[in-house]
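Worksheet: one structure, shown below.
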Amino acid sequence: MSDSVGTRIARTGEAVPSVAQGNPLVRGPWVGELRDAVACYYGIRYARLSDAKRPRSKATAASGQLDVAGLTDVPVFRQLPSRLEIVTGPAGRINPQDDEAFYLNVWAPEGAEGLPVLVFVHGGAWASGGGAMRWYRGERLACEGIVVVTVNYRLGPAGHLAPDDDADQDHRPFGDLLQALRWVGQNVAELGGDPDRVTLGGQSAGAWYAWALASLPEARGLFRQAAILSIPQIKPWTPDHRVAFTNRVEAIRRESGAAPGSESLLRAAAQVLSETPRIAGAMPPMYLPMLSGEAAGILESATSAAEHLHADALYVRITRHEMSVFLPPLEPGSAAGDMLMEALRARCRREAVPHHPAPRHWDSRYAEAVELSSWLEFGRFANEIATQARKRGRPVISREFDVEAGQPGFGAVHCIDLPFQFGNRADWDDAPMLAGWQGGAFEEISRELRGDLADFVRGRHDSSHRVFSAARHVTHPTDGNDETCAR
């Protein structure tokens, strides 16, 4: 499934080519291509900077569509390579980067009308990723009878440093995502979706946004349900911390003699993060959302957020070994390993940490470290969110993903569910975590996962707990692979 269609997709209102490499073009308010019975629309603009020279200025509503040959020609926001490339591969380096990458992409089954909608928010530790990355190609999910929307939002310095003018002090990515959701509400019907049946979903940092917006009053009425995949438990920045972080970044940039601009800010901010002390067994220091005022009170805990929850239902999922990629190797008998285990056990004291079988080749100490840290950084918060929502009468679909990566040592690592969820194995061909996962074995799990999430988007709420698992993760058969819509 090549990304290039051989000719350019025209901007709205311009002359439209007739056929591109056998993929017919679909016409309307936006122009797309028809691939495997799915209409694909790339690079639709939903916002612009209020001041094009200031990446940290307010985003205001805008319209239009890029003239691009395929999904990965759509820009994403400026970023450095992800530290998770060790498992995911370097797909994030393919797209061009831009300070005004306020774009979304839409996939809808051919002839769609009034279908439920999934708006998906990518992860990336608030520093990397983009809805236009090939990882999030939505064709296979759309084949399940839903409309899929992926969206870019500001990252890193543009999203998290303090304003460089008199702009308001709110967390900018919230504003970006609210603009995108308003665009969906106003326009998705023309692309085959039902604006009254929108689910906001996200993974990792994107899951945090889906959870947060499901309780913030500004987002009420923009979506009905939330899908929360691998949500991390974080302590958001305060306004004072954001100012202190920004001042340190600017000081480093000046001391280095680097010219002003996005690249120097990215490098300087990365240095500040690298100098930030790390808690043993926790994720590395990251950019984090800044909360103040009413939002800080609402999102203080899972309990307080649930008191303001306006989403009708939640889909909550974790992977079994979320933290395996973030932990250092534990050498047998090493003092560093002993200190790590002591710190993790102390943090989990008096907690009933769920026990899960570990991959067979893991030693017992490493298995315990991954289990405890995954609970502390991901599992506990997901469990609290589900528990509090159920107390308030909301249906909660609880899921675990226990499919092992092809790399030794990672197990069901953070992000391993994404290629199965989107069903686009070819777009992950350079992801080390998928080594050995091919053909029918991949497709069988992917079909189950796609159908499960699509059922939730359609409003079917199977509240029984479910674990997606596979008996093995070694090389699989290459036959039976079918990356097309089943008709």
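Quick notes on this one:
- Of all residues making up the range 179-196, the number that are open to solvent by 20 Å² or more (accessible area, probe 1.4 Å) and either more than 17 Å from Gly131 (Cβ to Cβ) or not polar (S, T, N, Q) (or both): 8
- Verdict on Ala251 being surrounded by fewer than 16 Cβ atoms within 10 Å (Cβ to Cβ), touching a helix residue (DSSP H, G or I) at 6+ places or on another chain (Cβ under 7 Å) and modelled with pLDDT under 95: no
- Total residues in the range 307-336, condition open to solvent by less than 10 Å² (accessible area, probe 1.4 Å), out of contact with any Ser or Thr (no Cβ under 6 Å at 6 or more places or on another chain) and aliphatic (A, V, I, L, M): 3
- Test set (1) touching a Leu at 6+ places or on another chain (Cβ under 7 Å); (2) farther than 23 Å from Phe378 by Cβ; (3) open to solvent by less than 10 Å² (accessible area, probe 1.4 Å) - Ala142 fails condition number: (1)
- Any hit, the range 370-391, residues being open to solvent by less than 10 Å² (accessible area, probe 1.4 Å), in contact (Cβ under 8 Å) with a residue 60 or more places away in the chain and hydroxyl-bearing (Ser, Thr, Tyr): yes
- Of Ala302, Ala311, Ala280, Ala269, all but one fail to be in contact (Cβ under 8 Å) with a residue 24 or more places away in the chain and either of a type in the set (Ser, Thr, Tyr) or touching a strand residue (DSSP E or B) at 6+ places or on another chain (Cβ under 9 Å) (or both); the exception is Ala311.
- Extreme residue, farthest from Ala358 (Cα to Cα), among residues of the range 389-430 that are assigned to a loop (DSSP other than H, G, I, E, B) and among the β-branched types (Val, Ile, Thr): Ile416
- Hits in the range 97-145 - residues which are more than 24 Å from Arg450 (Cβ to Cβ), touching a strand residue (DSSP E or B) at 6+ places or on another chain (Cβ under 8 Å) and assigned to a loop (DSSP other than H, G, I, E, B): Asp99, Glu100, Ala101, Phe102
- Test for Glu263: is it touching a residue at least 40 places away in the same chain (Cβ under 8 Å) and among the acidic types (Asp, Glu): yes
The values are calculated or read from the model by the stated rules, or taken from the named source; none is laboratory data. Given the structure is predicted, the values throughout are model-derived calculations rather than measurements. Cβ: placed from backbone, ideal geometry, glycine included. Neighbour counts: every protein chain shown. All accessible areas refer to the heavy atoms of the entire protein, side chains included, with ligands and DNA or RNA removed. Shrake-Rupley method; radii C 1.70, N 1.55, O 1.52, S 1.80 Å.
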